[in-house]
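**Student:** Here it is, the structure in full.
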Amino acid sequence: NAVILARPKNKFIKKWLDEYDNFDNSQWDYHSVILPFKLSKRFDKITILDSEAFYYPSWDNNLDEILGNSKNTICTGFSSHLWKGFCEKTLNKISPEFILTNNCTYSMIVNKICSLEELNYWKNGRNY
């Protein structure tokens with residue numbers, strides 16, 4: 001998993017995607033991790049941030065920090081990876097009702113970016 005912030009028609013992204021013509025499913029990590037790192041060395045103006053910018057809290061942190069009934073966790077990254085494979089039981093409790101009624105960091109974030117209409121759309125079983 002990764003996050004890329006780039007302008008449309010970015011030359012680095014185009015070059016990286018072009019390399020997928022040679023994709024080998026048995027070496028997915030090469031195209032997903034190693035190759036973009038190598039390619040990044042050939043381009044100016046590429047900034048590689050540390051994992052805290054994308055993966056805080058980590059899967060081994062207590063997810064109660066962001067899903068519990070407090071707003072103690074400050075999420076300063078560009079995104080938050082919720083690590084479903086490791087935290088599925090905890091994540092299964094997330095629903096529109098959870099977001100609307102829970103006073104936690106995650107609910108606070110979702111309420112800032114989703115309207116009540118969007119949450120009700122999700123609640124009624126529809127996906128975007």
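**Student:** Sketch the reach of a paramagnetic label on Tyr30 as a point 7 Å from Cα along Cα-to-Cβ, and name the residues of region 8-22 whose backbone nitrogen lies under 15 Å away.
**Tutor:** Those under the cut-off are 19-22.
**Student:** Using the Karplus equation 6.51 cos²θ - 1.76 cosθ + 1.60 (θ = phi - 60°), what ³J(HN,Hα) coupling, rounded to whole Hz, does each residue of region 27-44 give in order, writing x for Gly and Pro?
**Tutor:** Per-residue couplings from phi come out as 10, 3, 5, 4, 6, 8, 10, 5, 4, x, 5, 4, 4, 4, 6, 8, 10, 7 Hz.
**Student:** Once you order the gyration tensor axes a ≥ b ≥ c over the Cα atoms, which shape class does region 1-54 get: rounded for a/c under 1.5, otherwise prolate or oblate by comparing a/b with b/c? Can you show the working numbers first?
**Tutor:** Values: a/c = 1.83, a/b = 1.24, b/c = 1.48.
Oblate is the answer for region 1-54, as a/c is 1.5 or above yet b/c matches or exceeds a/b.
**Student:** Please work out the FRET efficiency for the pair Phe23 and Ser95, using the Cβ-Cβ distance as r and a Förster radius of 41 Å; give the result to the nearest 0.05.
**Tutor:** Efficiency, rounded to the nearest 0.05: 0.65.
**Student:** What is the distance, in nm, between label points placed 7 Å from the Cα along the Cα-to-Cβ direction at Glu118 and at Val3?
**Tutor:** 1.5
**Student:** Now, a different point. Show Arg42, Arg7 ordered by accessible area, largest first, where the area counts protein heavy atoms only and the probe is 1.4 Å.
**Tutor:** Listed by decreasing accessible area, they come as Arg7, Arg42.
**Student:** Can you sort Leu39, Leu49 by solvent-accessible area, 1.4 Å probe, largest first? Before the final figure, lay out the partial values.
**Tutor:** Numbers: Leu39 0, Leu49 75 Å².
Largest to smallest exposure gives the sequence Leu49, Leu39.
**Student:** Please arrange Glu118, Glu19 by accessible surface area, largest first, computed with a 1.4 Å probe and ligands excluded.
**Tutor:** Largest to smallest exposure gives the sequence Glu118, Glu19.
The values are calculated or read from the model by the stated rules, or taken from the named source; none is laboratory data. The structure displayed is predicted, hence computed values, not measured ones. FYI the Cβ positions are ideal-geometry reconstructions off the backbone, even for glycines, and counts take in every protein chain you see. Keep in mind that these areas ignore ligands, DNA and RNA; they rest on the heavy atoms of the full protein, side chains included. Shrake-Rupley method; radii C 1.70, N 1.55, O 1.52, S 1.80 Å.
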